[in-house]
Amino acid sequence: MLSTHQRYLIADRCWLIYDLITNTFSVLDSFHLEFPEIVEVALASGYIEIRVQIEREHLLYIYEEYSFQAHTIVRVSYSYNLLDASQNNIIRADDVPHHRVDYRNQMLSHFPNHLHDEKGRICSFTGEIADFFHQVKRFL
């Protein structure tokens, strides 16, 4: 059972992600109405899972799982995906430690964080959702 403070931290993270999405991309009006339910699920489960249509023919899939250390929230794992209309990955970022070098055979700068770009190449990635959105916006 999550404490009140932990629930607050998850809610705060959820609404930060909401702000990033809605300030970066065009979304359907229904997303604004559905998001409070997404937050409620996150508060009960300890993870957030978002599927939102952006820029008409693309879909963002955002997944973050949380734990807590002292009075802070810690993202345990994540997966950020830009999908096409057929739900095929275009750009994907995650922290699964299965890659150590990028497509140029250079060590990843923020291992285990990495990004699979639109050409399928492994690239260094900070692990920050805002940086992922920047990559998506650049692609779009």
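FYI, it's all coordinate maths here, none of it is from the lab. None of the values given here were measured: they were computed from a predicted structure. Cβ sites come from the backbone with ideal geometry, for glycine too, and all protein chains shown count toward neighbours.
Okay, residues lined up against (1) part of a strand (DSSP E or B); (2) in contact with a helix residue (DSSP H, G or I) (Cβ under 7 Å, 6 or more places away or on another chain):
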position	(1), (2)
Glu34	no, no
Gln53	yes, no
Arg56	no, no
Tyr66	yes, yes
Val74	yes, no
Ser77	yes, no
Ala85	no, no
With the structure loaded, tell me whether Gln87 is more than 23 Å from Asn23 (Cβ to Cβ), without any contact (Cβ under 8 Å) to a residue 24 or more places away in the chain and not basic (Lys, Arg) or whether it fails that test.
no
I need the full set of residues from region 36-58 which are under 15 Å from the mean Cα position of the chain (by Cα) and either among the hydrophobic types (A, V, I, L, M, F, W, C) or surrounded by fewer than 14 Cβ atoms within 10 Å (Cβ to Cβ) (or both), in order please.
Ile38, Val39, Ala42, Ile48, Ile50, Val52, Ile54
Could you list, in sequence order, the residues of region 1-32 that are surrounded by 12 or more Cβ atoms within 10 Å (Cβ to Cβ), free of Cβ contacts under 8 Å to residues at least 60 places away in the same chain and part of a loop (DSSP other than H, G, I, E, B)?
Leu2, Leu28
